[in-house]
Amino acid sequence: HTYLPLIHDLDRAAPILDLGCGDGSLVAYLGRRGFSHAQGIDISAEQVAAAQARGVRAQLADAFGFLPAHADAFSAVLAVDVLEHFSREELGRLGPLLYAALRPNGRLLIQTANGAGLFPRQVIYGDLTHLTIFTPESLQQWLRPYGFSAFRFYETGPIPIRMRGRVNVVLWRLIKVAANAVRDIETGKRQTIWTENFICLARKRPRDRTR
């Protein structure tokens, strides 16, 4: 429900990489939706084994070893709940590798913890493995120098499925109005992304002018 609308127009044979695929659930979902060339990598042998057991094409590898060997290889790279586990030094190495791994006009789809969310302390301090917390603005600051553009951001809030979901959507909108009122009083600013996590969709240039 969350990611498919952002890549639904890709060719079903388009190569897609799930960075940090875990047990392969997202890759398996993409396969069920017709994406025949989706694959994943993960640094956990246990998770890769679980992914392979469910029929997912998954490989034990880290980004710094895998991506340099796959330049211009993917129409989309997905990084769901992954980036917050990299240090700033590692992110400085990762950014250009992600850009190089994408085909021209390829998509980078990220979900990460939101440092500007309604309760940011729980994503900053609630997990000892969280090393870098982004906001939509700082994520752009990281990616733009490597050539990424056409940034779009989305919340990961309630999904209007069944009555409970529809009620939660309405309540969330009211909560955002109140949160923006408080922020406007304090800083004169407002924001659109308040959820604990957020999604970013960015693109590689149609033609890389650096080549």
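Bear in mind that the values in this text are calculations on the coordinates, not laboratory data. Quick caveat, the model's predicted, so the values are computed rather than measured. FYI the Cβ positions are ideal-geometry reconstructions off the backbone, even for glycines, and counts take in every protein chain you see.
Helical runs assigned H by DSSP (4 residues or longer) give the chain a calculated mean residue ellipticity at 222 nm of -11000 deg cm²/dmol, each run adding -39500 (n - 2.57) before division by the residue total.
For the stretch 45-102, the list of trypsin sites (Lys or Arg not before Pro) that fall in a loop by DSSP and count at most 11 other C-beta atoms within 10 angstrom is empty. Please give, to one decimal in nm, the separation of the simple spin-label points placed at residue 89 and residue 138, each 7 Å out from Cα toward the Cβ. According to this spin-label approximation, the distance is 1.9 nm.
Looking at the calculated P(r) for the chain, what percent of the C-alpha pair distances fall above 20 Å?
61
Lys and Arg at +1, Asp and Glu at -1: add these up for the other residues within a Cβ distance under 13 Å of residue 184 and post the number. Its environment carries a net charge of +3. DSSP beta bridges confined to the chain are antiparallel in about 40 percent of cases.
The calculated pair-distance distribution of the stretch 84-128 uses every alpha carbon pair, bins of 5 angstrom beginning at 0, and gives 5, 17, 19, 21, 16, 12, 7, 2 percent.
Projecting the Cα atoms of 109, 43, 188 onto the charge dipole of the chain (Cβ charges, centred on the Cα centre) puts 188 farthest toward the positive pole. With the charge dipole of the chain set up from +1 on Lys and Arg Cβ and -1 on Asp and Glu Cβ about the Cα centre, the Cα lying farthest toward the positive end among the listed residues 83, 13, 130 is that of 13. When peptides 77-86, 41-50 are ranked by their average number of other Cβ atoms within 10 Å per residue, the highest-first order is 77-86, 41-50. Between the beta carbons of residue 175 and residue 9, assuming R0 = 30 Å, the FRET efficiency works out to 0.40 to the nearest 0.05.
May I ask for the Kirkwood hydrodynamic radius of the stretch 70-185, worked out over all distinct Cα pairs and given in angstroms to one decimal? In the stretch 70-185 this quantity evaluates to 16.2 Å. A simple charge model with +1 on the Cβ of Lys and Arg, -1 on the Cβ of Asp and Glu and nothing else charged puts the dipole of the chain at about 900 debye relative to its Cα centre.
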